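Laboratory data are not the source of any read-out in this text; all were calculated from the coordinates shown. The structure presented is a predicted model; accordingly, all values stated were derived computationally and were not measured. Every residue, glycine as well, gets a Cβ built from its backbone with ideal geometry; the counts of neighbours run over all protein chains shown.
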Amino acid sequence: MLLLDDVQTYYGTSQALFGLSMEVGSGEVVTLLGRNGMGKTTTVRSIMGLTPPRAGTIRFDGAVISGLPAFRVAQAGLGLVPEGRQIFGNLTVRENLIATSRPGPWDLAAIHDMFPRLRERAGNMGNQLSGGEQQMLAIGRALMTNPRLVILDEATEGLAPIVRQEIWHCLARLKEAGQSILLIDKNIEPMLRLADRHYMIEKGRVVWSGTSPELTARPELRQRYLGV
Ligand code: ATP
């Protein structure tokens, strides 16, 4: 479904991705793992057309999307829950949800079923929400674009444990529904439970990839590449 081939991405003259290749299959949940600054967010920005790669190719359902502007990548069926949520603080919850929505099974009613808090908060401004509510809104907003692949960058960061659990539960429901997901997070245990496969990124390269059972069986990998 999503295929990155030898992607090289720069910030000005500084290279961040050095020939990164990976893929996400239809219905799969895949993670990007690695310490801070190793290139996970840059990989997401490369996919979404926010920091386009200077070399290499990114394909989505066979079509080349590298080189397209970000709004065209989104239209192609990729939904992003960005690091730091980036909800619109001066729009209501409802307006946030419909601002970038596209027709499909994820409509307001479906989002409200998934996150009842967003129904209660529908008329509140984005900047009046708690961190957890903002995160639910960011996920709801991405789903309302009815993406074929949803990408979450640090969706549980800075949240209370109980809210985190709620987010993991939501992701498990999405997976059950067949949603393809690419995930970045610092909490390895819930990712081992949820995800099918993982890519370990170091200094802008994939240094290991494998399934959850393969990663569980190799604690030294976690020690070496994640320091945990
Ligand atoms: P984190 O978990 O901290 O977000 P990450 O694995 O997502 O880490 P990236 O944010 O992709 O890492 O950063 C990869 C490299 O690119 C780092 O060396 C970082 O300093 C550099 N970098 C990231 N953003 C920029 C930027 N806007 N300008 C210049 N360099 C950047």
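Counting other beta carbons within 10 Å of each residue's own, what order do Tyr11, Tyr225, Tyr199 fall into, fewest first?
Details: Tyr11 10, Tyr225 17, Tyr199 23.
Lowest count first: Tyr11, Tyr225, Tyr199.
All other residues with a Cβ under 13 Å from the Cβ of Asn146 taken together, and with Lys, Arg as +1 and Asp, Glu as -1, what is their net charge? Could the numbers behind the result be given before it?
Values: positive: Arg102, Arg141, Arg148; negative: Asp107.
Local charge sum for Asn146: +2.
Can you tell me the relative contact order of segment 79-213? Whole percent, Cα pairs under 8 Å, sequence separation 6 or more.
Numbers: 187 pairs, mean separation 35.7, N = 135.
Across segment 79-213, relative contact order equals 26 percent.
Tally Lys/Arg at +1 and Asp/Glu at -1 over every other residue whose Cβ is under 10 Å from the Cβ of Leu33; what's the total? Spell out each step's value before the answer.
Working: positive: Arg35, Lys40, Lys186, Arg222; negative: Asp185, Glu202.
Within the 10 Å Cβ shell, the charges total +2.
Give the Kirkwood hydrodynamic radius (Å, one decimal) of the chain, defined as one over the mean of 1/r across all pairs of different Cα atoms.
Numbers: mean 1/r = 0.0560 Å⁻¹.
Answer for the chain: a Kirkwood hydrodynamic radius of 17.9 Å.
If one takes the longest principal axis of the Cα atoms in the chain, at what angle in degrees, from 0 to 90 and to the nearest 10, does the Cα axis of helix 131-143 lie?
80
Suppose every Lys and Arg Cβ carries +1 and every Asp and Glu Cβ carries -1, with no other charges. What dipole size does segment 176-224 come out with about its Cα centre, to the nearest 20 debye?
Details: 8 positive and 7 negative charges, 52 e Å.
Rounded to the nearest 20 debye, it is 260 debye.
Give the relative contact order (percent, whole number) for the chain; include only Cα pairs under 8 Å separated by 6+ residues.
Relative contact order, the chain: 28 percent.
For the chain, with only Lys/Arg (+1) and Asp/Glu (-1) charged at the beta-carbon, what is the dipole magnitude about the Cα centre, in debye rounded to 20?
Working: 25 positive and 22 negative charges, 56 e Å.
My answer is approximately 280 debye.
Would you mind working out the magnitude of the charge dipole of segment 1-99 relative to its Cα centre, with +1 at each Lys and Arg C-beta and -1 at each Asp and Glu C-beta, to the nearest 20 Debye?
On the way: 8 positive and 7 negative charges, 59 e Å.
Here the size comes out at about 280 debye.
What is the sum of charges, Lys and Arg at +1 and Asp and Glu at -1, for the other residues whose Cβ falls under 11 Å from the Cβ of Leu17?
Working: positive: Lys40, Arg45, Arg54, Lys203, Arg205; negative: Asp6.
Summing Lys/Arg as +1 and Asp/Glu as -1 gives +4.
Per residue of segment 80-86, in order, report the coupling 6.51 cos²θ - 1.76 cosθ + 1.60 (Karplus, θ = phi - 60°) as ³J(HN,Hα) in whole Hz, putting x for Gly and Pro.
So the Karplus estimates, Gly and Pro as x, are 10, 9, x, 4, x, 6, 6 Hz.
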